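Okay, so here's the structure we're looking at.
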Amino acid sequence: MFLWVEDEVSFNTDFEKQDQVYYVPTNQQYDGVWRTIYATPGPLAQALKDEIPGIIRATRSSNQERLFSVGENAINRTGRFADQDFLEIFSLKFIEGQRETAFSNPEAIVLTQSTAIALFGTDENILGKIIKMGNTDNYLVSGVIEDLPNTISFPFDWIAPFERYRDGAEWMTHYGNNFSDTFVLLSEDANLETVDARVRQLIQEKSSDETDTYAFLHSIKDWHLRSKFKDGSIVGGRIAYVHLFSIIALIILLIACINFMNLSTARSEKRASEVGVRKAMGSGRSRLIFQFITEALMLALMATIVSVVLLVVLLPQFNLLIGKNLVLGLTQPSHIILLLSITLVCGVFAGLYPAFYLSSFKPVDVLKGLKVTQGSATSIRKGLVIGQFTISIVFIICTILVYQQIQHVKNRDLGFDKEQLISMNVNDAMIEKFDVIKQKLIESGAVKSVGLNNSDILSGGNNGSNLTWTGGTNTEDVLISFRYINSDFLETTGMKLAEGHGFSDNVAKDSSSVLITESFAKLMGSGSAIGKIIDRGDYPYTVVGVVKDFLYDDMYAQGDPVMFFNYPAGANYMYLKTNPGVPVSDMLARVESVMKIHNSAFPFQYQFVDDTFDAKFKSEQLIGTLSQLFALLAILISCLGLFGLAAYTAEQRRKEIGIRKVLGASVTGIVKLLSKDFVKLVGVSILLASPIAWFTMHNWLQDYAYRIDINWWIFVMAGVVAILIAIVTVSFQAIKAAVANPIKSLKTE
């Protein structure tokens with residue numbers, strides 16, 4: 001967990017000027033609610049740099065995926081169109097070329113080391129060489145930079161001048177269009193509060209119309225850990241997981257330490273004679289305390305050595321689980337210090353109470369053979385067992401509820417069918433040849449239908465406001481999502497019409513027609529929405545169909561109303577509804593053969609929509625998986641302690657059990673006798689764990705608009721599971737003691 005936490009908190013720390021770098025999001029108000037949007041107007045960056053003292057560099061940036069080719073070699077890479085200041089803000093380290101002159105040519109491009117090697121086979125002597133972007137535009141390599149670490153929030157494989165991306169796009173120069181990432185670098189002596197206050201005013205000053213939008217500064221140190229916003233303010237993010245998993249890791253150690261305390265004090269009679277003899281021979285209490293703590297430290301040290309061996313074996317599997325590339329790094333001083341610190345703290349903490357308890361025995365009483373009184377130790381031991389199982393039961397309940405929440409959302413009605421659905425990025429060549437590609441794909445037998453859309457079906461996509469419509473009041477502040485589709489998109493994705501009809505194959509005929517979702521139709525008031533008019537700017541559209549609401553963007557909430565246009569030329573994604581009767585490998589081979597013929601300049605790439613959907617729950621699934629592992633660890637360690645205590649109890653009562661058997665006690669009766677005290681302790685743990693688990697999960701679920709109800713039976717089930725685990729653990733030792741030959745137990749009497 002330390003390695004995971006270390007990786008999380010190290011995001012974006014490799015940049016030289018990290019204390020001065022800020023991202024500029026915008027807060028936009030729609031329908032009375034503030035939303036934080038990772039997009040700004042194109043001209044904002046230059047205005048920030050020119051007009052706000054303290055901002056010394058600013059850049060626009062747009063994240064794009066592009067195909068690059070050198071001869072027959074073609075690869076897809078994600079990168080950024082940006083201004084010259086981008087290179088300076090992030091202090092990118094050049095292997096070839098110069099940072100200051102990299103963008104002096106508008107046709108220049110800077111590649112990362114791995115991208116250069118993938119294209120040219122080397123990262124040396126490639127300055128001035130030409131690569132082709134998108135099979136159409138030539139770019140001149142002006143620099144090669146070191147590969148970026150995995151721990152950055154905005155990764156990229158290439159950077160090209162923003163001006164060429166903007167060329168001819170007049171809409172990018174308007175303050176009403178938010179599309180660009182904006183990064184700024186503050187001077188070392190800049191006052192953050194003063195600069196931020198000025199940034200918040202700029203968009204409203206520059207906009208010709210009154211706007212409910214303002215920009216603000218978001219520190220590079222918060223991009224990864226504190227990126228969750230509500231009502232325009234930071235409310236958390238992955239930092240919550242960092243805190244949560246750190247605490248849980250400490251709790252697991254605590255449970256193990258409790259076991260050591262319990263077993264050490266339980267075995268006190270075994271060591272009482274040793275303490276008595278040592279004290280009689282002149283050992284002081286402080287020396288005995290030192291001895292017992294040293295023993296605990298030695299055990300902790302041995303455990304540390306074993307744990308390092310286990311880490312070497314298990315870390316690759318853990319990396320697969322969490323999707324990271326953590327390394328043990330025993331040569332790093334921080335890792336050595338951590339291991340030694342854990343060893344020291346666990347050894348001292350676990351050994352402290354047993355050391356003070358054992359060293360308190362009076363030598364006279366011990367050497368006379370008097371029984372060591374364990375009154376307070378027994379009570380503390382019971383309390384520790386209760387504490388252990390309370391934590392374990394909390395983990396069990398939380399694990400169940402996390403799993404239920406994930407399944408609850410994953411199984412909700414999406415409004416479309418994600419099964420047998422494939423998405424592919426499209427390019428101009430695919431749009432031009434779409435009819436042929438569609439026909440050949442269907443003729444191959446692998447595909448049933450083909451649809452086009454400008455957005456990933458699960459993403460937020462394009463949106464806007466300032467629309468008016470029939471039956472609407474105060475409509476300008478309502479955010480509407482726009483989708484540019486073809487006539488087959490609804491059939492391909494399984495979206496259903498609530499009323500009206502879909503688009504025809506005649507795009508020109510449908511130029512003034514739109515489809516809307518049910519949530520949009522409700523905004524138009526009572527009665528059917530069919531035939532009503534929506535004005536977008538100066539252009540009126542007639543509603544011809546109402547599509548049932550579908551889930552996109554935030555998987556835990558209802559998406560914004562959607563407006564569909566029959567405009568396949570604006571598509572960025574192609575969707576294929578595949579034939580379930582064709583094996584996946586065969587289906588992909590048939591699709592690839594069609595694409596190689598009709599889109600040969602681009603590599604065949606695809607994504608299953610159900611995989612994309614599952615990826616939306618990456619954080620929740622990680623929590624669910626780790627909580628299962630933590631629960632199993634907590635239960636296992638608790639049971640080990642209980643197993644040891646049961647074994648010791650059985651040993652202590654060996655003669656009593658022998659006498660009871662001679663007097664006719666049954667095995668069942670003896671098992672009940674030895675088990676009931678431990679089961680009572682687990683029962684108390686259930687009573688304590690239930691409200692703690694309810695409070696914890698109730699607060700966790702508040703972050704999700706679409707969430708489960710916490711049912712009472714979960715607590716009952718967790719309690720029953722805990723009791724059964726305790727009974728099985730204790731019964732093994734109890735049965736072993738109960739079936740033992742009483743003659744052997746009593747032969748010394």
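Key figures
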quantity: 3J(HN,Hα) from dihedral phi, the stretch 218-234, Karplus parametrisation 6.51/-1.76/1.60, rounded to Hz, x for glycine, proline; calculated: 10, 5, 4, 6, 9, 4, 8, 8, 10, 10, 9, 10, 8, 6, x, 10, 5
quantity: Exceeding the 19 Å Cα-Cα cut-off - candidates Lys448/Lys618; Lys448/Lys496; Lys438/Lys577; Lys324/Lys616; Lys410/Lys522; Lys418/Lys548; calculated: Lys448/Lys618; Lys410/Lys522
quantity: Per DSSP, loop GluC sites (Glu not before Pro) in the stretch 151-248 with at most 16 further Cβ within 10 Å; calculated: Glu188, Glu210
quantity: Proximal lysines relative to Lys279, as straight alpha-carbon distance under 20 Å, when same-chain residues fewer than 8 apart are discounted; calculated: Lys270, Lys362, Lys368, Lys371
quantity: Charged-residue dipole, Cβ positions (Lys, Arg, Asp, Glu), the chain about Cα centre, Debye nearest 20; calculated: 5780
quantity: Placed amide H near Tyr541: partners under 5 Å, 5+ positions off or other chain; calculated: Ile534, Asp535, Arg536
quantity: Integer Hz, Karplus 6.51/-1.76/1.60 couplings in order for the stretch 572-578, x for Gly and Pro; calculated: 10, 9, 10, 10, 10, 8, 8
quantity: Environment charge of Leu225, counting only residues whose C-beta is closer than 11 Å and scoring Lys/Arg +1, Asp/Glu -1; calculated: +2
quantity: Listed peptides 687-693, 309-315 by packing density, highest first (mean Cβ within 10 Å); calculated: 687-693, 309-315
quantity: Ranked by how many other beta carbons lie within 10 Å on average, peptides 461-472, 64-75, 570-581 from highest; calculated: 570-581, 461-472, 64-75
quantity: Amide proton proximity set for Ser61, modelled H, under 5 Å, gap of 5+; calculated: Asp181
quantity: Other-chain or far-sequence residues with amide H under 5 Å of Asn572's (modelled H); calculated: Asn453, Asn454, Ser455
quantity: Length-normalised contact order of the chain in % [C-alpha pairs under 8 Å, at least 6 apart]; calculated: 13
quantity: Over the stretch 421-615, relative contact order from alpha-carbon pairs under 8 Å, at least 6 apart, %; calculated: 36
quantity: Span from the the stretch 25-45 Cα centroid across to the the stretch 444-521 one, whole angstrom; calculated: 24
quantity: Cross-link reach list, lysines versus Lys661, counting only Cα pairs under 23 Å and skipping chain neighbours closer than eight places; calculated: Lys672, Lys676, Lys736, Lys744, Lys747
quantity: Entry for percent of Cα pairs over 38 Å apart (calculated from the structure that is shown) out of (1) 39; (2) 49; (3) 55; calculated: (3)
quantity: Inter-label distance, nm, simple model (7 Å from Cα along the C-beta direction), Val436/Gln702; calculated: 6.0
quantity: Ascending count of other beta-carbon atoms within 10 Å, so fewest first, for Ile400, Ile457, Ile533; calculated: Ile533, Ile400, Ile457
quantity: Distance from the stretch 277-323 to the stretch 163-178 (C-alpha centre basis), Å; calculated: 63
quantity: Where labels lie 7 Å past Cα in the beta-carbon direction, separation of Ser511 and Ile710 in nm; calculated: 5.9
quantity: Beta bridges per DSSP with both ends in the chain, % antiparallel, nearest 5; calculated: 80
quantity: In the stretch 405-473, the GluC sites (Glu not before Pro) that fall in loop regions by DSSP, at most 14 other Cβ within 10 Å; calculated: Glu419
quantity: Set of aspartates and glutamates near Lys440 by C-alpha distance (under 19 Å), chain-local residues within fewer than 8 positions excluded; calculated: Asp428, Glu432, Asp488, Glu491, Asp505, Asp586, Glu592
quantity: Pairwise centroid distance, computed over Cα atoms, of the stretch 387-407 with the stretch 598-622, Å; calculated: 31
quantity: Dipole of the chain, positive end: most advanced residue of Ile37, Pro742, Met424 [Cβ charges, Cα centre]; calculated: Pro742
quantity: The chain: DSSP helices with Cα axial extent of at least 15 Å and average Kyte-Doolittle hydropathy no lower than -1.0; calculated: 192-206, 239-266, 285-322, 333-358, 375-410, 584-598, 618-652, 667-701, 712-738
quantity: Calculated [θ] (222 nm, deg cm²/dmol) that DSSP helices of n ≥ 4 give over the chain, each run adding -39,500 (n - 2.57); calculated: -15500 deg cm²/dmol
quantity: Unit charges on C-beta of K, R, D, E only; dipole of the stretch 421-615, Debye; calculated: 500
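Coordinate-derived values only; no laboratory data. Everything numeric in this text was worked out from a predicted model, so none of it was measured. For neighbour counting, all protein chains shown are included, and Cβ atoms are generated from backbone atoms with ideal geometry for every residue, glycine included.
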